[in-house]
Amino acid sequence: MLLVVEQFLNGLQFGLLLFLLAAGLTLVFGIMDLVNLAHGSLYMMGAYFAATFVAWTGSFLLGALMALGATLVLGIVLEMTALRHLYGRDHLDHVLATFGLILFFNEAVRLIWGPAGLALPLPAWLTVPVPILPGIYYPAYRLAIIVVALLVALLLYLGVMRTRIGMLIRAGASNREMIGALGINIKLLYTLVFGLGAALAGLAGLMQAPILTVQIGMGENILILAFVIIVIGGIGSIRGAFLAAIFVGMIDTLGRAFLPNLLRQVLSGAAASTAAPALSSMLIYLLMAIVLVVRPEGLFPASRR
Amino acid sequence: MKTFTVSKVVTALMLAGLVLLPLYSHLTGNIFILTLFTRIVILALAAASLNLIMGYGGMTSFGHAAYLGIGGYAVGILAQEGVGSGFIQFPVALAASAIYALVIGALSLRTRGVYFIMITLAFAQMAYYVASGLARYGGDDGLTVYKRSDFSGLVNLGDRVQFYYFCLACLLGVVFLIWRIVNSRFGLVVQGLRSNEQRMQAIGFPAKRYQLVCFVISGTMCGLAGALLANNTDFVSPAVMYWTRSGDLMVMVILGGMGTLFGPVIGAVVFLLLEEFLSQITEYWALIMGPLLLLIVLFGRGGIMGSLGRSGRG
């Protein structure tokens, strides 16, 4: 029971984290029609910035805030110097150009921070276990991730659905020429959206940093997961990204936790311990393949198309 | 030859260079260059196979490196189990790649556009994790191939020069095959599907079936490259199938010129030489390579072949 609750919460936490990453990706994809492989690099930069700033200021919160700002600025600079010129080009060009950016960021990080990973220590007040149910404790930090991510998701929803900027963003997604013709500064809007996406990726990176090591290439594995999520959820749909992210986070976490035991009941011990890790890593890709075969447009395609 | 164009001259020079390379290596005693170019020729084969679906067929596969792994593991696993004959290893490698391509092609071709890019990527990642889980065959650490494929005296893959020419012959054979395919009725239908699938379907061509066959042919060709690669490095590991390797292959195709016959070969030569050259200047070669790719995309439309004047087409 304890294990089930704990793994369930872990799945939720991982899913919410994935949502932060996928939300930026799907916004950029849905609105600018840009496939941004370098989104994972922004996630990595968020983690590196946080590790640096936290060590520098000595305060976790301050460092995290500064890292968030730094990723936002980095995203805006990236959009203005490079990615802006890719709008309207073939998706293949996007893949290639942003693939180049990944190479660049990984190498730049190696140059600046060195090849060894960094650690981001948590402050004491975030390491205490919190009782969530009578007799069941859960790490405060993971709980904090859940709360922050849910809050951000809510803000994002309200921002996109209830504010003027959000309205413009949605309008830009459905018809970019029209909104430009109506006198909206579409370039600025795009830069803003990209910066927002970058900040979300950075937030995911810096929140994940204390749990994992901060290392080069950390963005790539999770980027693929984020892509899986937006493909499952339907490209351009934030609601789809949210549901798919939770789904993927749960399946991945629960699969890794319980699949070995399940397999052991069906297969022999040796075969199960061989098959389990591979199978649990494959699970989400399998899920994506099934979803795409059954519903090629994703589960919740954005209604605009 | 009716006309002389820059791209034809460049292609001819490059081919002459590739054929004469062992002579140069022999005269100068530079063994390293032969090893490097063996790898280049093998990856050029892989890029050429990707070009068949991506350039001519309009099917952008982001999981092409999976075949490199499948071909490689077919050789490695058979060698491990005591089957050393290339006459068995290579057909098995090709057949395994073809079957994999048939299955994932049948599923992936239900989607299009970015979804297609992503689903091929997902399948390649699955293949990567399967290979990582093969505890009996090295798992994550990979599998050492202690003995190269044995072609019972016909060609000795252990010999550097013979192996090089074997790979080059495979490459030229595959390019020739692609040339014949592209100019056949089948190839024309596939290219027609790239430009307008709906129209082709309205004329009465079963679109998916043509695309699937093309997809399988391409995968099988890449499986050959995988079998060669395992022989070249005497080693195969899941890393061969990692998605960045698929990215590398795409870069080679686009750099050289998509949908041109020799573009991918030129792309592979330039990309890998550039990588080698930059890594000799600085340890941080990717710092230059990355922005270079960006610039190529932004300013060099149509790749090297495109900027040399389009004539290499089929």
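Could you tell me how many cubic angstrom of Cα convex hull volume the protein assembly as shown has per residue?
With only Cα atoms used, the protein assembly as shown gives 175 Å³ per residue.
Residue by residue along B:297-305, Cβ atoms of other protein chains within 10 Å of the local Cβ number 3 on average.
Shielding by partners for A:276-286, please: the mean number of other protein chain Cβ atoms within 10 Å of each residue's Cβ. Per residue, the number of nearby Cβ atoms from other chains is 5 on average.
GNM remark for chain B: springs join alpha carbons under 10 Å apart, and the peak mean-square fluctuation among B:116, B:163, B:299 falls on B:299. Peptides A:57-66, B:58-67 ranked from most to least packed give B:58-67, A:57-66, packing being the mean of other C-beta atoms within 10 angstrom over each peptide's residues.
Could you size up the charge dipole of the protein assembly as shown around its Cα centre, putting +1 on the beta carbon of Lys and Arg and -1 on that of Asp and Glu, and report it in debye to the nearest 20? Display every interim value, and only then the final one.
Working: 34 positive and 21 negative charges, 350 e Å.
Dipole about the Cα centre, nearest 20: 1680 debye.
Relative to the compact-globule estimate of 2.2 N^0.38 Å, the Cα radius of gyration of region B:6-307 comes out at 0.98.
Of all the options A:271, A:144, A:70, the one that moves most in a Gaussian network model of chain A with Cα springs shorter than 10 angstrom is A:271.
I want to verify the translational diffusion coefficient of chain A in µm²/s; compute it with Stokes-Einstein, Rh as the Kirkwood radius over Cα pairs, at 20 °C and 1.002 mPa s.
106
Straight-line reach from residue B:208: taking Cα to Cα under 20 Å and skipping same-chain neighbours fewer than 8 places apart, the aspartates and glutamates in range are A:297, B:197.
Restricting the trypsin sites (Lys or Arg not before Pro) of region B:1-63 to loop positions (DSSP other than H, G, I, E, B) with no more than 15 neighbouring Cβ atoms within 10 Å leaves B:2. Helical content of chain A, expressed as a calculated mean residue ellipticity at 222 nm, amounts to -26000 deg cm²/dmol (DSSP H runs of 4 or more residues, -39,500 (n - 2.57) each, divided by residue number, nearest 500). Taken about its Cα centre, region B:76-192 carries a charge dipole of about 440 debye when Lys and Arg each add +1 at the Cβ and Asp and Glu each add -1 at the Cβ. By the combined test of axial Cα extent (at least 18 Å) and Kyte-Doolittle hydropathy (mean at least 0.5), the qualifying DSSP H helices of chain A come to A:2-32, A:39-57, A:60-81, A:91-113, A:140-162, A:186-208, A:218-233, A:238-266, A:269-294.
Among B:113, B:192, B:300, the residue with the largest mean-square fluctuation in a Gaussian network model of chain B, with springs joining Cα atoms closer than 10 Å, is B:113. Normalised by the number of residues in chain B, the mean separation of alpha-carbon contacts (under 8 Å, six or more apart) gives a relative contact order of 33 percent. Bridging of residue B:147 to aspartates and glutamates at a Cα separation below 14 Å is possible for B:81, B:159, B:234, once same-chain residues fewer than 8 apart are set aside. When B:179, B:285, A:125, A:56 are compared by accessible area at a 1.4 angstrom probe, the order from most to least is A:56, A:125, B:179, B:285.
Coordinate range of the alpha-carbon atoms in region A:1-77 per principal axis, descending: 48, 39, 14 Å.
Only loop residues by DSSP count here, and only those with at most 11 other Cβ atoms within 10 Å; note down the chymotrypsin sites (Phe, Trp or Tyr not before Pro) in region A:217-297 that meet that. Counting only loop positions with at most 11 other Cβ atoms within 10 Å, none of the chymotrypsin sites (Phe, Trp or Tyr not before Pro) in region A:217-297 qualifies.
Placing unit charges on the Cβ atoms only, positive for Lys and Arg and negative for Asp and Glu, gives region B:6-307 a dipole magnitude near 1060 debye about its Cα centre. Based on DSSP H segments of at least four residues, each scored -39500 (n - 2.57), chain B has a per-residue ellipticity at 222 nm of -23500 deg cm²/dmol. Computed on chain A, with alpha-carbon pairs under 8 angstrom and 6+ residues apart, the relative contact order is 35 percent. Is any helix in chain B, taking whole DSSP H runs, at least 18 angstrom long along its axis by alpha carbon and on average at least 0.0 on the Kyte-Doolittle scale, and which ones? Membrane-span-like by this rule: B:6-28, B:31-51, B:65-80, B:86-108, B:114-132, B:160-182, B:207-233, B:243-256, B:263-281, B:286-299. Would you mind getting me the FRET efficiency between residue A:158 and residue A:262? Use the beta-carbon distance for r and R0 = 51 Å, nearest 0.05. Using R0 = 51 Å, I get an efficiency of 0.80.
The values are calculated or read from the model by the stated rules, or taken from the named source; none is laboratory data. Keep in mind that this is a model prediction, so the values were computed, not measured. Here the Cβ is made from the backbone with ideal geometry for all residues, glycine too, and neighbour counts use every protein chain on show. Remember, those area values only see protein heavy atoms, side chains included, never the ligands or the DNA or RNA. Shrake-Rupley method; radii C 1.70, N 1.55, O 1.52, S 1.80 Å.
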